[in-house]
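Working notes for the structure below.
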Number of protein chains: 4
Amino acid sequence: MFFEIRKSDSMSRRDRERLFKRNEILNASLRIFAEKGFKQTTLDEIAEVSEYGKGTIYNYFSNKEEIYTAIMEEVSFIFSSRIKEIYSENLSVFDFLTNLTKMFFEFYETNQPVFLLMVRIRTDFIESDALNKSELFRCNHTETLGLYREVLQNGIDSGEIKPIDIDNFITFYRGALFHFISHSKHNGNKNSIEENTNFIINIVFNGIFNQ
Amino acid sequence: MFFEIRKSDSMSRRDRERLFKRNEILNASLRIFAEKGFKQTTLDEIAEVSEYGKGTIYNYFSNKEEIYTAIMEEVSFIFSSRIKEIYSENLSVFDFLTNLTKMFFEFYETNQPVFLLMVRIRTDFIESDALNKSELFRCNHTETLGLYREVLQNGIDSGEIKPIDIDNFITFYRGALFHFISHSKHNGNKNSIEENTNFIINIVFNGIFNQ
Amino acid sequence: MFFEIRKSDSMSRRDRERLFKRNEILNASLRIFAEKGFKQTTLDEIAEVSEYGKGTIYNYFSNKEEIYTAIMEEVSFIFSSRIKEIYSENLSVFDFLTNLTKMFFEFYETNQPVFLLMVRIRTDFIESDALNKSELFRCNHTETLGLYREVLQNGIDSGEIKPIDIDNFITFYRGALFHFISHSKHNGNKNSIEENTNFIINIVFNGIFNQ
Amino acid sequence: MFFEIRKSDSMSRRDRERLFKRNEILNASLRIFAEKGFKQTTLDEIAEVSEYGKGTIYNYFSNKEEIYTAIMEEVSFIFSSRIKEIYSENLSVFDFLTNLTKMFFEFYETNQPVFLLMVRIRTDFIESDALNKSELFRCNHTETLGLYREVLQNGIDSGEIKPIDIDNFITFYRGALFHFISHSKHNGNKNSIEENTNFIINIVFNGIFNQ
DNA sequence: CATGAATGAGAATTCATTCAT
DNA sequence: CATGAATGAATTCTCATTCAT
């Protein structure tokens, strides 16, 4: 499960239970949102999958959008954290992107719905404008971009990579990667994470020209 | 406008008018579908934007899904045609992908909603299963893939490009390109079509490594 | 066809044509009303079956209800006439009802939709209150009842039949007959008109008791 | 009211309440269906008469047809049960039909809408094909017919009644009876149940011939 | 007159949210 | 808190009727 209690020490039993149930609802919702999108997902379904009453859900979230936002914030937080971790290792652009790519593939492997949901947000950003309202979400996004930029700028400065337009490259790379991952299963891709990672990294760093 | 009367010669005035109005409805729907997606789009809105009564819409299409399908079939047909044209010039992989990339950028420039809608389908394929039912749509898709494959295989055989996994490359390339284009405006990309095309082609063919 | 031009002599060509077309519409409507009832029948269907444009129909009738009323008035008129004919022969109750019964069976044979429609009215009398407004319809009904009553009263007076409650008998007899005829096909009844007539007349006049 | 809770012992309060409300909806619908027929009846009206919100109705039935089917199944079940009871007394044809006739008159007296609805089904069988789908309904019908047949066959074998065509007689008798009852009020029939029963039974068993 | 396109009032159905228990 | 019944606003779709050509 994606939503799990992590720092339960400092909480009262009541608070822990509350958080636990809240997470159960989020996990159920996550799966359905990922599969169907925001509008398509009904509260009846969330209630059924989460095995709580429909009314109960409203004790934890004040409306459907809030559930979606909570998920997206957590998702963006997790991704942001993972990226930060990799960033903190002070790697070359090549190693940074290799690790990043591997991390996304692994994430897909273990948390497919979360990943698909993230991809979906990038298209659906209009379906629910909750995200635009979410300070946290935008903040994570901006912060992450900053890390990417820094690594790439260093790579350019050190001569590791060509002096490309950084922001465009980020758009390009993330689009390619997320799309590739989310369509890989559908397209019958049977390669291992390493093979897929190498495939992408190879293209991006060396190109497909022979020589 | 995307839907326009092309071969009106052989039609009666009545038929031409009917087609014209049908196209008006399609053009209006297209914009809204592109912006909001299938489920989000209401018939009231289509009626309002197309400036017809709600009932009138149903004189041209038997339900909402049929409008969506009609659009998608036309969109897929147009893209398929453009790709075929480029393919028929018997170009090298480099020139093929360069022209293709330019074509997609140009398409975005002149028919932004159509392009966005196409991108949306790739995520939304669940929202409406109309597409799965559309023989024409699937057919265009398969045919297009065949062209890609042939060009790439020739490129590999002739030694122009490395012996990459063709299907994975197609997934990668299309994902990258479509995502890049659809996010370029949102990301403040001010480059010309040529600049953007070169940017992408350069990465894909030469990589970002410095030498 | 049920609606046919009968007295066309005194009419101008224009009037004859008008009447002819009006009848075509009525004949088409009749079939559909008989099969589906008033509400279920759409003007689109009437237009299609009658092979006239929807608008044309409104040149002959000012609304759907008027078509229905026109049919009902004609139907009630025809039945009323047939009953009058039989009545005018001054028959015994036995012969009167025998002829009447035979007539209804024959009518069903040649004009099944008309007959079914008539039966339907007896249940549907609420669906369209047109009938309540139709003076002619009520008039035919009353007149017919009068004939029945007279024949039966004469039969009672002459000692042919028992002194039964006349109005109740009429209700009973008509209900039985109409229901029997309209369900006969559905129930797999393969008897000839004579056999069916005898069957009913026999029960009504002699009863089913053995002796 | 027609729908009432009968075996509430084994149910929880919640289930009892749910059943109670479901019955309220059915009773309201029954009246309207009887008066107007299936198509004519709107959910707005059912909601209004049953004094529930329109949405509430959908918590108990998944669509309008299901309400109609539920009613028809119950109606057919009740009638079937009553007929079985009378059948189980092993009566002569005369007593069987007398009791049956009385039962139908009594039923009309206490549950007029239910009776009218039943009569309506016999004409409307096309309006909603729900009935064709209802196994239970067809089953009750077939079973009931079987009882009629058995009683009549015994009557023929024992010499009580003439050797008539049984199926045709059933069609005749039921048509006559149902029509008579449903039109009696409308026709100003003021007789008691006994008088009406005797009237019909007398005709059917002894005929109207004077000796 | 003939036509069929245009229309909107009306009907069924869905679903987020409220609320009494 | 937990629950699910109640609700009505919103949505899709139908169809009698009008009207311009």
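The values are calculated or read from the model by the stated rules, or taken from the named source; none is laboratory data. From a predicted model like this one, the values you see are computed outputs, not experimental measurements. Positions of Cβ are backbone-derived with ideal geometry, glycine not excepted, and every protein chain shown enters the neighbour counts.
Screening A:ASN59, A:ASN23, A:ASN27 for residues that are over 21 Å from A:ILE78 (Cβ atoms) and among the polar types (S, T, N, Q) leaves exactly one candidate, A:ASN59. Restricting attention to the range B:185-210, the residues that are within 7 Å of another protein chain (Cβ to nearest Cβ) and in a helix (DSSP H, G or I) total 6.
If you go through the range A:166-211 and keep only what is surrounded by fewer than 16 Cβ atoms within 10 Å (Cβ to Cβ) and on the phi > 0 side of the Ramachandran plot, you end up with A:GLY188, A:GLN211.
On the given criteria, is D:ARG82 away from DNA strand E (no atom under 16 Å from the Cβ), within 14 Å of chain C (Cβ to nearest Cβ) and at pLDDT 90 or above? It is false that D:ARG82 is away from DNA strand E (no atom under 16 Å from the Cβ), within 14 Å of chain C (Cβ to nearest Cβ) and at pLDDT 90 or above. Which residues, taken from the range B:146-165, are surrounded by 15 or more Cβ atoms within 10 Å (Cβ to Cβ), within 11 Å of chain A (Cβ to nearest Cβ) and either of a type outside the set (D, E, K, R) or under 17 Å from the mean Cα position of the chain (by Cα) (or both)? Result: B:LEU152, B:GLY155, B:ILE156, B:ILE161, B:ILE164.
Evaluating C:PHE77 against the criteria (1) in contact (Cβ under 8 Å) with a residue 40 or more places away in the chain; (2) within 14 Å of DNA strand E (Cβ to nearest atom); (3) surrounded by fewer than 16 Cβ atoms within 10 Å (Cβ to Cβ) leaves one unmet condition, (2). Pairs are defined by a Cβ separation below 9 Å, a sequence spacing of at least 6 or placement on different chains, a first member in the range C:84-108 that is in the same structural domain as C:ILE156 (by TED's automatic domain parsing), and a second member that is in a helix (DSSP H, G or I) and small (Gly, Ala, Ser); the pairs so defined are C:SER92/C:GLY155; C:VAL93/C:GLY155; C:PHE94/C:GLY155; C:PHE96/C:GLY155; C:PHE105/C:SER184; C:TYR108/C:SER182; C:TYR108/C:SER184. Scanning the range C:19-38 for residues that are surrounded by fewer than 19 Cβ atoms within 10 Å (Cβ to Cβ) and within 14 Å of chain D (Cβ to nearest Cβ) returns C:GLU35, C:LYS36.
The residue that is surrounded by the fewest Cβ atoms within 10 Å (Cβ to Cβ), counting only those in the range B:123-138 that are modelled with pLDDT of 80 or more and not charged (D, E, K, R), is B:LEU136.
Would you mention how many residues in the range C:39-56 are among the small types (Gly, Ala, Ser), more than 7 Å from DNA strand F (Cβ to nearest atom) and surrounded by fewer than 13 Cβ atoms within 10 Å (Cβ to Cβ)?
1
Of everything in the range C:153-190 that is touching a strand residue (DSSP E or B) at 6+ places or on another chain (Cβ under 9 Å) and in contact (Cβ under 8 Å) with a residue 24 or more places away in the chain, the residue that is nearest to D:ILE201 (Cα to Cα) is C:ILE161. Among the residues of the range C:9-27, just one is within 16 Å of C:TYR68 (Cα to Cα), hydrophobic (A, V, I, L, M, F, W, C) and within 13 Å of DNA strand E (Cβ to nearest atom), namely C:ILE25. With respect to B:PHE3, determine if the residue is under 27 Å from B:THR101 (Cα atoms), more than 14 Å from DNA strand F (Cβ to nearest atom) and buried (at least 16 other Cβ atoms within 10 Å of the Cβ). For B:PHE3, the condition - under 27 Å from B:THR101 (Cα atoms), more than 14 Å from DNA strand F (Cβ to nearest atom) and buried (at least 16 other Cβ atoms within 10 Å of the Cβ) - is met. Evaluate the range D:61-70: report whether one residue or more is aromatic (Phe, Trp, Tyr), modelled with pLDDT of 95 or more and under 25 Å from C:LYS39 (Cβ atoms). Yes: one or more hits.
Yes/no per residue for (1) outside any loop (DSSP other than H, G, I, E, B); (2) on the phi < 0 side of the Ramachandran plot; (3) not hydroxyl-bearing (Ser, Thr, Tyr):
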{"position": "C:PHE38", "(1), (2), (3)": "no, yes, yes"}
{"position": "C:ASP44", "(1), (2), (3)": "yes, yes, yes"}
{"position": "C:GLU48", "(1), (2), (3)": "yes, yes, yes"}
{"position": "C:THR56", "(1), (2), (3)": "yes, yes, no"}
{"position": "C:SER76", "(1), (2), (3)": "yes, yes, no"}
{"position": "C:PHE79", "(1), (2), (3)": "yes, yes, yes"}
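Residues are listed down the side, and each one gets a yes or a no for (1) modelled with pLDDT under 95; (2) touching an Asp or Glu at 6+ places or on another chain (Cβ under 6 Å); (3) closer than 28 Å to D:THR41 by Cα:
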| site | (1), (2), (3) |
| --- | --- |
| C:MET1 | yes, no, no |
| C:GLU4 | yes, no, no |
| C:MET11 | yes, no, no |
| C:GLU17 | yes, no, no |
| C:ILE46 | no, no, yes |
| C:ILE57 | no, no, yes |
| C:PHE94 | no, no, no |
| C:ASN99 | no, no, no |
| C:LYS102 | no, no, no |
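The residue list A:LEU30, A:LEU43, A:LEU100 contains one member that is under 15 Å from the mean Cα position of the chain (by Cα), aliphatic (A, V, I, L, M) and within 16 Å of DNA strand E (Cβ to nearest atom), which is A:LEU30. C:ARG120 meets the stated requirement of being at pLDDT below 90 and within 30 Å of D:SER184 (Cβ to Cβ). Evaluated against (1) within 13 Å of DNA strand E (Cβ to nearest atom); (2) within 14 Å of chain C (Cβ to nearest Cβ), D:LYS54 falls short on exactly one condition, (2).
Taken together, B:ASN210, B:ASN206, B:ASN189 contain a single residue that is within 21 Å of B:THR110 (Cβ to Cβ) and not basic (Lys, Arg), which is B:ASN189. For D:ASP95, indicate whether it is near DNA strand E (Cβ under 8 Å from one of its atoms), acidic (Asp, Glu) and farther than 16 Å from D:GLY146 by Cβ. For D:ASP95, the condition - near DNA strand E (Cβ under 8 Å from one of its atoms), acidic (Asp, Glu) and farther than 16 Å from D:GLY146 by Cβ - is not met. The residue that is surrounded by the most Cβ atoms within 10 Å (Cβ to Cβ), among those in the range B:110-120 that are touching a residue at least 40 places away in the same chain (Cβ under 8 Å) and out of contact with any helix residue (DSSP H, G or I) (no Cβ under 7 Å at 6 or more places or on another chain), is B:ASN111.
With respect to being more than 11 Å from DNA strand F (Cβ to nearest atom), over 15 Å from the mean Cα position of the chain (by Cα) and polar (S, T, N, Q), D:ASN59 falls outside the description.
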